[in-house]
Amino acid sequence: METIVLITGGSSGIGAATAVLLANSGMKVYAGSRRGTSPVTHKGIVPITLDVNDEEALKAAVDKIVAEEGRLDAVICNAGNGIYGPVEYTSEKDARAQFETCFFGSLKTIHACLPVFRAQGHGRIITITSVMAVLQLPFQVYYSSAKAALLALTEGLRMELKGTGIQCCSILPGDVATEFTQVRKNTAPDGTPYDARIRKNLQKIEKDELGGMKPEVIGKAVLKQLRKKKMSVRVIPRIDYKAVGLLTRILPESWKLALINSLYS
Ligand SMILES: NC(=O)c1ccc[n+]([C@@H]2O[C@H](COP(=O)([O-])OP(=O)(O)OC[C@H]3O[C@@H](n4cnc5c(N)ncnc54)[C@H](OP(=O)(O)O)[C@@H]3O)[C@@H](O)[C@H]2O)c1
């Protein structure tokens with residue numbers, strides 16, 4: 001039987017590449033985004049217009065899928081964006097907006113799907129977080145915090161849903177070359193005491209992202225989890241980022257922060 005999947009953030013980057021990989025493997029993918037487009041035309045991909053901050057739009061999308069397919073097997077909470085700037089000079093409004101999309105947007109998406117999953121007795125929830133959920137970088141603290149919160153939500157929910165047939169998994173990408181870098185909002189005004197460090201930091205993160213993994217690497221990790229009988233808890237794609245994830249667990253915190261600070265600011 002065809003697997004029916006809803007992915008948010010399907011109009012570009014990781015979401016678009018994942019939609020293509022899943023559709024090529026025989027799944028039917030509803031790809032939601034504010035643009036409501038897919039960069040490729042594929043009979044297995046149905047673009048849907050939705051904003052993950054809009055509960056009504058999410059519910060309408062899930063209702064449409066269930067009306068057309070009779071079920072929904074999996075949701076990939078991928079929509080997201082980043083802000084950039086020092087904590088001291090970033091407004092609370094900008095910080096809240098970061099959480100709205102990256103944390104509450106995924107929460108709203110999960111809430112829209114859970115009643116269907118529970119009624120069916122099965123469903124898979126995959127959140128796309130980031131290695132920055134476990135490794136905080138200076139000047140991207142709100143992004144890290146929102147992704148850390150989403151990782152905690154995914155893992156807590158996995159425990160709560162034990163025995164329901166609903167599984168949860170988070171995928172933590174490292175640097176991926178997508179529109180994410182261009183779309184990132186800079187919240188730092190010029191002329192703060194951080195200017196020189198911010199310039200060094202921005203150069204490094206933009207170089208790392210633009211030279212980063214192809215989004216298909218993350219799509220393959222999603223596909224692998226959807227095919228597994230029991231999904232993993234956390235997946236960090238690619239060996240070098242896995243090693244980074246391991247280091248965050250074994251290094252003393254003070255060493256870890258000193259190392260990151262020397263590399264990034
Ligand atoms: N690129 C990286 O290095 C990297 C690393 C780790 C994690 N990630 C995470 O991976 C996910 C995908 O990012 P990406 O790299 O593929 O960036 P991207 O190319 O900018 O894609 C972001 C996607 O999210 C959608 N989106 C943003 N806000 C939305 C909203 N309010 N409602 C619905 N859709 C929304 C965008 O579509 P519309 O603009 O059409 O709405 C777009 O399809 C994000 O959660 C990001 O945090 C990225």
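The values are calculated or read from the model by the stated rules, or taken from the named source; none is laboratory data. Just so we're clear, the structure is a prediction, and the values are computed from it rather than from any experiment. Every residue, glycine among them, receives a Cβ derived from its backbone with ideal geometry; neighbour counts consider all protein chains shown. Calculation scope for accessible area: heavy atoms of the full protein, side chains included, ligands and nucleic acids excluded. Shrake-Rupley method; radii C 1.70, N 1.55, O 1.52, S 1.80 Å.
Pairs of Cα atoms under 8 Å, at least six residues apart: use those to get the relative contact order of the chain, whole percent.
About 20 percent, as a whole number.
Going toward the positive end of the dipole of segment 1-135, with +1 on Lys and Arg Cβ and -1 on Asp and Glu Cβ, which of Thr18, Cys113, Gly32 do you reach last?
With unit charges placed on the Cβ atoms, the residue in question is Thr18.
From the convex hull of the Cα coordinates of segment 4-264, what is the mean projected area in square nanometres? Mind dumping the intermediate values first?
On the way: hull surface 55.2 nm².
Quarter of the Cα hull surface area: 13.8 nm².
Given a Förster radius of 30 Å and the C-beta distance between Ile260 and Glu155 as r, what FRET efficiency does 1/(1 + (r/R0)^6) yield to the nearest 0.05?
0.85
Work out which helices of the chain, taken as complete DSSP H runs, extend at least 15 Å along their axis over the Cα atoms and score a mean Kyte-Doolittle of 0.0 or more, then list them. Don't skip to the answer; put the middle values down first.
Numbers: long enough: 13-24 (17 Å, 1.54); 55-69 (21 Å, -0.09); 105-120 (23 Å, 0.41); 141-160 (28 Å, 0.39); 195-210 (22 Å, -1.46); 215-227 (19 Å, 0.08); 239-250 (16 Å, 0.69); 253-264 (16 Å, 0.25).
Those that pass (Cα extent of 15 Å or more, hydropathy at least 0.0) are 13-24, 105-120, 141-160, 215-227, 239-250, 253-264.
Rounded to the nearest 20 Debye, what is the dipole magnitude of segment 43-117 about its Cα centre when Lys and Arg each give +1 and Asp and Glu each give -1 at the C-beta?
For this selection, approximately 200 debye.
Per-residue ellipticity at 222 nm for the chain, helices alone: DSSP H runs ≥ 4 residues times -39500 (n - 2.57), over residue total, nearest 500 deg cm²/dmol?
The helix contribution divided over the chain gives -15000 deg cm²/dmol.
I'd like the distance separating the alpha-carbon centroids of segment 142-177 and segment 37-61, in whole Å.
21
In the chain, if the dipole is taken from +1 on Lys/Arg beta carbons and -1 on Asp/Glu beta carbons about the Cα centre, which of Ala57, Ser254, Pro193 is farthest to the positive end?
The listed residue farthest towards the positive side: Ser254.
Note the full-extension length gain between His111 and Thr41 as 0.36 nm times their separation in residues minus their Cα-Cα distance, in nm to one decimal.
Value of the extension gain: 22.3 nm.
Using 0.36 nm times the number of residues separating Asn81 and Asp240, minus their current alpha carbon distance, what extension gain do you get?
Here the answer is 54.9 nm.
Taking only protein heavy atoms into account and a 1.4 Å probe, give the accessible area per residue of segment 4-264 in Å².
Result: 47 Å² per residue.
At a 1.4 Å probe radius, carbon and sulfur cover how many percent of the accessible area of segment 4-264?
57
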